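Asks: My questions all concern the structure below.
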Amino acid sequence: MKVSIKLFLASIVLVSLASCSKDDPRYMNDGPENKSSLEANENFRSEVKPDVIIIKADGDIDVALNEFRDLLGALNTTPDIPPAQGGRREINWDGVPAAFTNNNLFPADFFGAFDPAFPNARKRGLIYSTPGSCFSVSDTSFSFIDPAYDNQFNAFSPSKTFIAVGSNITDNFFKVPGTNINASVQGFGVVFSDVNNGSSTAMEFYDGDRLLGTFKVPNVGNNNPGGFSFLGVFFPNEKITRVRIFSGSAALSPGQNDLSDGGGKDLVVMDDFIYSEPKSLE
């Protein structure tokens, strides 16, 4: 696995798991189980160590995104038998059919299908859940939730983006693609749209119940509505069985404006998911 010297020096970050206040109001409205949410990472330091590789960018994210892809390996598009032992999977939401677009009907297992009758495009080994009510994919910046969102969010890989409904939290779990076998990954990255606040958006990585680290997503500020941020994290020596995403400080909802539109909350949507090939835990 080849990583450039520039990337190695600039992007390998060891996160210091320093504690923060348990009374952080951003994460108290999603239930007691979520109070771990950013406790581990309000303060952090950067060091050149091999424990974890972090690749992140805001604004122009193309270089960072391609570095992360190169780190994970070639794109896999079929559920191989026997399962692939390397490479990566990607989801950009654009193939989601109209019946599951611009509504609250998007299935949590859409890309975790294992029924032989389903197309290979749905067999990517990803299952998600949320403390909220459901999930949604949109090609109109979720203007069906509130018309004010029409010019608020951009799609990185046109033209569809993804959110959890009723919560800013999405939990991601893994299966061997095309099967119902529990799996783990070593790396996971996400493209975000419109991260305005440096503390609102983050990802937590777990091996079972063990927190591997919490990592903040870089922000584009308030002067670039819909601007892109990317965060990808790779653990060379760990298994990731769950990734919890905090996308902004509140869920999209009618009448809830974003910070850059005069509101009091940082509203964020997600685009491309990129992760290493899920491998069986069995």
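Read-outs throughout are calculated quantities, based only on the coordinates presented, and are distinct from any laboratory measurement. Since the model is a prediction, treat every value here as computed from it, not as a measurement. Heads up, the Cβs are rebuilt from the backbone with ideal geometry, glycines too, and the neighbour counts pull from every protein chain shown.
Asks: For the stretch 68-178, what is the Kirkwood hydrodynamic radius in Å, using each pair of distinct C-alpha atoms? Walk me through the numbers before you get to the answer.
Replies: Numbers: mean 1/r = 0.0663 Å⁻¹.
One over the average 1/r among Cα pairs gives 15.1 Å for the stretch 68-178.
Asks: Further question: Given 0.36 nm per residue, what is the gain on full extension from E282 to N257 after removing their alpha carbon distance, in nm? Write out the running numbers ahead of the final one.
Replies: Details: separation 25, 0.36 × 25 = 9.00 nm, distance 4.54 nm.
Between E282 and N257, full extension yields 4.5 nm more.
Asks: Which order do peptides 184-192, 79-87, 117-125, 200-208 fall in by mean Cβ count within 10 Å, highest first?
Replies: Numbers: 184-192: 24.7, 79-87: 13.4, 117-125: 15.9, 200-208: 20.2.
The peptides rank, most packed first, as 184-192, 200-208, 117-125, 79-87.
Asks: How much net charge surrounds V268 when only the other residues with a Cβ under 10 Å from the Cβ of V268 are counted, with Lys and Arg +1 and Asp and Glu -1? All intermediate terms of the calculation are to be shown ahead of the outcome.
Replies: Values: positive: K265; negative: D194, D258, D266.
Around V268, the charge tally is -2.
Asks: Which FRET efficiency value, to the nearest 0.05, do you get for N237 and S159 by plugging their Cβ-Cβ distance into 1/(1 + (r/R0)^6) with R0 = 35 Å?
Replies: Details: r = 38 Å, r/R0 = 1.09.
Efficiency, rounded to the nearest 0.05: 0.35.
Asks: What is the sum of charges, Lys and Arg at +1 and Asp and Glu at -1, for the other residues whose Cβ falls under 11 Å from the Cβ of A84? Could you put the intermediate results ahead of the total?
Replies: Values: positive: R88, R89, K279; negative: D80, E277.
Net charge in that neighbourhood comes out at +1.
Asks: Find out how many positive minus negative residues lie around A113, taking Lys and Arg as positive, Asp and Glu as negative, among other residues whose Cβ is under 14 Å from that of A113.
Replies: In short, +3.
Asks: Report the FRET efficiency, 1/(1 + (r/R0)^6), for L105 and D150, where r is their Cβ-Cβ distance and R0 is 25 Å, rounded to 0.05.
Replies: Working: r = 21 Å, r/R0 = 0.83.
Once rounded, the FRET efficiency stands at 0.75.
Asks: Over the stretch 49-280, what is the relative contact order in whole percent, taking alpha-carbon pairs under 8 Å and six or more residues apart? Display every interim value, and only then the final one.
Replies: Working: 629 pairs, mean separation 62.5, N = 232.
Relative contact order here is 27 percent.
Asks: Using a simple spin-label model with points 7 Å from Cα along the Cα→Cβ vector, what separation in nm is obtained for D51 and D115?
Replies: In this crude label model, D51 to D115 measures out at 4.5 nm.
Asks: Rg and Dmax in Å for the stretch 118-266, alpha carbons only: what are they?
Replies: For the stretch 118-266, the Cα-based Rg and Dmax read 15.8, 46 Å.
Asks: What pairs in K239/K265; K160/K265; K160/K239; K56/K265; K123/K239 have C-alpha atoms more than 26 Å from each other?
Replies: Details: K239/K265 33 Å; K160/K265 22 Å; K160/K239 30 Å; K56/K265 23 Å; K123/K239 21 Å.
Violating the 26 Å limit, Cα to Cα: K239/K265; K160/K239.
Asks: Can you give the FRET efficiency for D70 and N182, using 1/(1 + (r/R0)^6), R0 = 22 Å, r = Cβ-Cβ distance, to the nearest 0.05?
Replies: E between D70 and N182, to the nearest 0.05, is 0.20.
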